[in-house]
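In what follows, a structure is listed as structure tokens, so that the remarks can point back to it.
Nothing in this text is a laboratory measurement; each read-out follows from the coordinates by a stated rule. In this text the structure is predicted, and so the values were computed from the model without any measurement. Using ideal geometry, Cβ is built from the backbone for each residue, glycine included, and neighbour counts are taken over all protein chains shown.
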Amino acid sequence: MSGIANPERLAALTFQLYRVWAKTLRYEQVGYGPIGALRNRDRVVFAMWHDELFAPCYLHCNEGIIALISASRDGDFLAQILDRMGYNISRGSSTRSGVRALKGTIDLMNQLDKDAVVTVDGPKGPRHQVKDGVLYLAYKSGAWIVPARVRSSRVKRFHKAWDKFQLPLPGARCRVVYGMPYKVEKLRSASLPEERQRLHDALHELGDATESGD
């Protein structure tokens, strides 16, 4: 965000635009009932792809969910917006090497007794490849992993972005599908590839189930 004279003002304007834009969308939540009941008695970590964030961020605003945001300059901007949306913010890398950030997020989950959300291929990809951080976060916090996917009827896809981010067009139908929650019972270096594949497969299956008919 270099070159921006007043990044806080830009974040405030972006938030206002986002809120107006998001209100035009038609939302459908599939499979959320059991997840909502689970959240009443235990904590969860929502696991999502980076390019599908637009609709779920609005659906779950003002719930105090902890968002793990990178400690980059772009992360500063996103953190300001999510803070205005009622998210709690934890800063740092979501990769296995970002141990301090993951520990800080776990501490915040314990302190606030709140759920978390992680873009499992963020902050810079590779696209749709699960990183280790979400697995460590879920395992060490004892939280359930909840895979979630989005399909929008009409989108603008930014093909030059690393994640090919999807921006739902005004009035689009956004179908948010929540998968079966599960726990990471054991986590060792040898089991990491299997756990990454487990989450990748869960997200892929939800994507197949959410193709729009529009």
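Springs between alpha-carbon atoms under 10 Å, Gaussian network over the chain: tell me which of 17, 25, 203 tops the mean-square fluctuations.
Checking each option, the largest mean-square fluctuation is seen for 17.
Have a look at 153, 189, 90 and tell me which one the Gaussian network model of the chain (Cα, springs below 10 Å) gives the largest fluctuation.
Among 153, 189, 90, the largest mean-square fluctuation in the Gaussian network model of the chain belongs to 189.
Match the structure shown to one of the listed values [x] 22.9; [y] 11.6; [z] 12.3 of mean projected area of the Cα convex hull in nm², computed from it, and give that label.
[y]
Can you give the calculated 222 nm mean residue ellipticity of the chain, where each DSSP H run of n ≥ 4 adds -39,500 (n - 2.57) and the sum is split over every residue, rounded to the nearest 500 deg cm²/dmol? Mind showing how you got there, number by number?
Numbers: 7 runs with 84 residues, N = 214.
It lands at -12000 deg cm²/dmol.
Putting +1 on Lys and Arg Cβ atoms and -1 on Asp and Glu Cβ atoms, find which of 79, 170, 67 reaches farthest to the positive end of the dipole of the stretch 65-188.
Final value for the positive-end residue is 170.
Residue-wise, which Karplus ³J(HN,Hα) couplings in Hz belong to the stretch 29-36, taking 6.51 cos²θ - 1.76 cosθ + 1.60, θ = phi - 60°, and x for glycine or proline?
9, 10, x, 7, x, x, 5, x
With the Cα gyration tensor of the stretch 153-196 giving a ≥ b ≥ c as the square roots of its eigenvalues, does the rule (a/c under 1.5 for rounded; else a/b larger than b/c for prolate; else oblate) give rounded, prolate or oblate?
Values: a/c = 6.60, a/b = 1.98, b/c = 3.34.
Judged from the Cα gyration tensor, the stretch 153-196 comes out oblate (a/c at least 1.5, b/c at or above a/b).
Work out from phi, with θ = phi - 60° and the Karplus expression 6.51 cos²θ - 1.76 cosθ + 1.60, the ³J(HN,Hα) of each residue of the stretch 194-203, listed in order in whole Hz, and give x for Gly and Pro.
Computed from phi, the couplings for the stretch 194-203 are 5, 5, 4, 5, 4, 6, 4, 5, 5, 5 Hz.
Note the full-extension length gain between residue 180 and residue 21 as 0.36 nm times their separation in residues minus their Cα-Cα distance, in nm to one decimal. Present the calculation step by step, with values, prior to reporting the outcome.
On the way: separation 159, 0.36 × 159 = 57.24 nm, distance 2.98 nm.
Going from the current span to full extension adds 54.3 nm.
I want to verify a result. In a Gaussian network model of the chain, Cα cutoff 10 Å, which of these has the top mean-square fluctuation: 117, 155, 176?
It is 155.
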